[in-house]
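A short write-up of the structure that comes next.
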Amino acid sequence: MRIIYSWLSDFIENPPPAEELAAKLGRIGLKVEELKKSGASFSGVCVGEILKIDKHPNADKLALVDVSDGSVTLRVVCGAKNIAVGQKIAFAKVGAKLAEGELKKAKIRGVESEGMICSASELGLEGRDNTGILVLPEATPVGVDAITLFPKADCTLEVEMLPNQSHCLSHYALARELCVFYGFKLKEAAIFDGRSSGNVVPVTIHVPDLCPRYGAIVIKGVRGAKTPAWMADRLRAMGSNPKGNILIDGSNYVMYELGQPTHCFDISKLAGPKIIVRRAMPGEMLKPLDGQAIKLDAGMLVIADASKPVALAGVMGGFYTAVSEETDAILIESARFHAPTVRLASKTTGIKSESSYRFERGTDPELPKKAARRLAALILEASPGAEVEQISDTYPVKYERPVVEIDPARINAILGTGIADGEIYACLKAFQPDLKDAKPWKFTVPSYRQDIESVWDVSEEVARYVGYDVIPAESHMPMLPSAVTPRWAVGLEMKNTLAGLGFSEVYNYDFISAKEMKACAFYADMALEVKNPLSSDYQFMRQSLLTGLLKTLRYNLNRGRESVQIFESGSVYSRTEAGKAEDVHCAGLMSGDFPEGGFWQGGQGVADFYHLKGMMSRLFIGKGGFRFEKPKTAPGYFQPGLCLEMKLGGNSAGYAGKLSPAVAAAFDFKDNNIFYFEIPLTCMVAAWKPDFWQKIARIKPVSAFPQNWRDLSIVLEEKHEWHELERSFSGVQDLASARLIDVYKGKNIPAGFRSLTIRFTFSSMTGTLNDADVGAHMTAILDKLAKNFSAKLRS
């Protein structure tokens, strides 16, 4: 929230400087994110008039300018391009104090300059054109002090407000907080203290549980009331655009000042006229101040007149009862509404306002009366002829301030401190000056602190008052021994391995849109839809990590990256027969140049299917039973024929392959050279070994005798996959390895068939194999291939 230092100072007697005040706010848990100076901060600058412009004798880009300050004419050197004879300008004489320091007499390219024609930045003025000198209006009198033309020097503080700090959402509230914790004297705002027993607009509350208090002040004779300049300046500094009408601007001003939203109704537009606080009825409509007519849900809290809703309570007023320049009689509304009801109405209608922001967090039950009288005072000051005809305070549910019993020993037990009883009492007395020193202390919670409900909350306020540094940085709680879960260990191992392979870890949201779900060919019947998504981009829970990784890839490529290797580990969600399922997957992709920095011997390749396959082999190294197989049903986002299913034992360990052109096009990629893998951690968890010795591969003895190898070329039908053949070789005596080295289709090979050349390597642990031994083994292998796959020796 933005706070103006001068406005805050209105409520503190002898306030500290802005910088010190910002530090004090930070100490009590109110973080000042930015402290910025504003307004005019200079001296010795007057309004001057340019009388004559000559060329500089020694510089083409400089000019000699004769400037009159109303009494004398001085010559200055100027380099601005927007100077012209007759202009009124801000003229700084030698000795003037500017934003960057004191102006001294100087000789520029051999010519003495007797002052300076200033730009806005040199005067410390924000939000103005700094490309040249600051040109003042023609009617500005020459010779007057330029500081009188601009807002006075001030500071703005951007204070971070947490959801539980609704008691600090105004200038007065922050001043009160500083006075409580630092002992400053609090000053009150001037309010209208008159009386009126009239009942021009009767107020009826049908739902006191949703509107426990409704204050109303009726004023007549306000036609044409203007917003004073000082108020408009403060509203602009707050980022609000003043309308020039005190009835509108005054309401905003009181909200920023006291934290209580108010609203002005034009009485001539109220049916009755009367005010009824009730729930909306089925089918009722309301056109708010800044939007299209909306249909109200039955049960929404509305402010109504005798015939229709005129405002959505706590959110926004209605268009048809809004004040204007012709308004003569108004009703000032200052009420307290049920926070959850306001929040629901704001979310349902999509209307967010400064008013709803405050009501949603809870307002001070005792503030409506004060705020209404403050606004009345401002309106009456701007409209001397106006008269107050009604002051009513409908208060069906009186607020009872809670009382908390405080034992200092309990406070210290909660905080783990040894704070003296006197210090704790001083803190409570700062909140409640009439607190009696009789233990246990009966602490009556201030009405504006709706967040204080128990001794635990009071303990936090004591820590803020004394200083968090009094709490020792140690704990006497016994620490439970940590335990490594298989899922966590497997995830960490995969992350470290992928990082070592050159992948960078990324994080993405768990939500996707319907468009993304369709683009990636996810199963719509398995999707989990979010009941209250923030937007249509977050409508469904992700079934795969693919969408987030593709958006990250696009983000990097659009910013000039030529090589991207990224991975993510996170939850995926699906609908199952048993209900909803959540699992953890690890997925990644490769695209572009490979490796990123090029090969050490020079040159560079491009990421392809085999690079990804090699990465997966390295990721699963040491995992018994790992292999690649042709998938029976691959995920729809892969390109057919360029996808492999990874197996670990008898379980699926995910898929790896090239993404389909349709998926790449849906995410605006120029080509589909994107290679992707996704692994469910469940399969890895099942194979996880907790002890170190179990993770070490067992040493196999190496034969002391030479190896023999033979190549075998066979012809068989294309339907048979290599992994089927490879599995059939198990059990062949002395076989060390079988490797596919060639695949051929073409001349002399029948249609529907292909030739495979396989290299078999044999080794015996007992002796040297001769040709007869190897030949017998090869005959056995060929017989197996002929029997199982109808393979024939290629001739």
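The values are calculated or read from the model by the stated rules, or taken from the named source; none is laboratory data. These numbers were taken from a predicted model, which means no experiment stands behind them. Cβ placement follows ideal geometry from the backbone for every residue including glycine, while neighbour counts extend to all protein chains displayed. Areas reflect the complete protein model, heavy atoms only, side chains present, ligands, DNA and RNA absent. Shrake-Rupley method; radii C 1.70, N 1.55, O 1.52, S 1.80 Å.
Points to keep in mind about this one:
- Exposure of H585 as accessible area (Å², to 10), given a probe of 1.4 Å and all protein chains: 30
- For the stretch 43-149: rounded, prolate or oblate by the Cα gyration tensor [a/c cutoff 1.5]: rounded
- Where K632, K369 fall by accessible area, highest first, once all protein chains stay in place (1.4 Å): K632, K369
- Residues of the stretch 69-91 with amide N under 19 Å of the 7 Å Cα→Cβ point at K61: 77-84
- The stretch 442-520 shape via C-alpha gyration tensor axes, a/c threshold 1.5: oblate
- Amide hydrogen neighbours beyond the local backbone of A40, cut-off 5 Å, H modeled: K152, A153
- Inter-centroid distance (Cα atoms) of the stretch 198-224 relative to the stretch 304-352, Å: 12
- Kirkwood hydrodynamic radius over Cα pairs of the stretch 203-394, then Stokes diffusion coefficient at 4 °C and 1.567 mPa s, in µm²/s: 79
- Once the Cβ-Cβ distance of E114 and H476 is raised to the sixth power relative to R0 = 56 Å, the FRET efficiency obtained is 0.15.
- Measuring nothing but how far apart in sequence close Cα pairs (under 8 Å, 6+ apart) lie, relative to its length, the chain scores a relative contact order of 8 percent.
- Inter-site label distance for V606 and D328 at 7 Å from Cα along Cβ, in nm: 8.1
- Area accessible to solvent at I674, 1.4 Å probe radius, in Å²: 0
- Cα-based reach from K442 at 14 Å (exclusive), listing aspartates and glutamates while leaving out same-chain residues under 8 positions away: E405, D407, D434, E453
- Estimated distance in nm for a label pair at Y555 and E13, the labels positioned 7 Å out from Cα along Cα-to-Cβ: 5.4
- Solvent exposure ordering (accessible area, 1.4 Å, most first) of K274, K243: K243, K274
- In straight-distance terms, cross-link reach from K700 covers every one of the lysines whose alpha-carbon lies under 18 Å from its own, apart from those fewer than eight places away in the same chain; here that gives K623.
- Anisotropy class of the stretch 174-232 from Cα gyration tensor, a/c 1.5 cut: oblate
- With a cut-off of 12 Å on the backbone N, the residues of the stretch 698-732 near the modelled label site 7 Å out from N788 along Cα-Cβ are 721-732.
- Span-rule helices in the chain, defined as complete DSSP H runs reaching 24 Å or more along the axis (Cα) with Kyte mean at least -1.0: 771-789
- Each other residue within a Cβ distance under 10 Å of V388 adds +1 if Lys or Arg and -1 if Asp or Glu, for a net charge of +1.
- Surface listing: K295, K31, K787, K551 arranged by accessible area from highest to lowest gives K787, K295, K31, K551, probe 1.4 Å.
- Between N164 and D457, the contour length at 0.36 nm per residue exceeds the Cα-Cα span by 104.3 nm.
- Whole-number accessible area per residue in Å² for the chain, which is evaluated in the context of all protein chains at 1.4 Å: 51
- Long pairs among K531/K647; K613/K745; K670/K745; K31/K551; K36/K243, criterion Cα-Cα beyond 27 Å: K531/K647; K670/K745; K31/K551
- Label point distance in nm, R575-W230, each placed 7 Å from Cα along Cα→Cβ: 6.4
- [x] 1.13; [y] 0.95; [z] 1.10, with the label sought being that of the calculated Rg/Rh (Cα atoms, Kirkwood Rh): [x]
- The stretch 68-92 versus the stretch 698-741: alpha-carbon centroid distance in Å: 95
- Only protein heavy atoms count here; on that basis, with a 1.4 Å probe, Y256 has an accessible area of about 20 Å².
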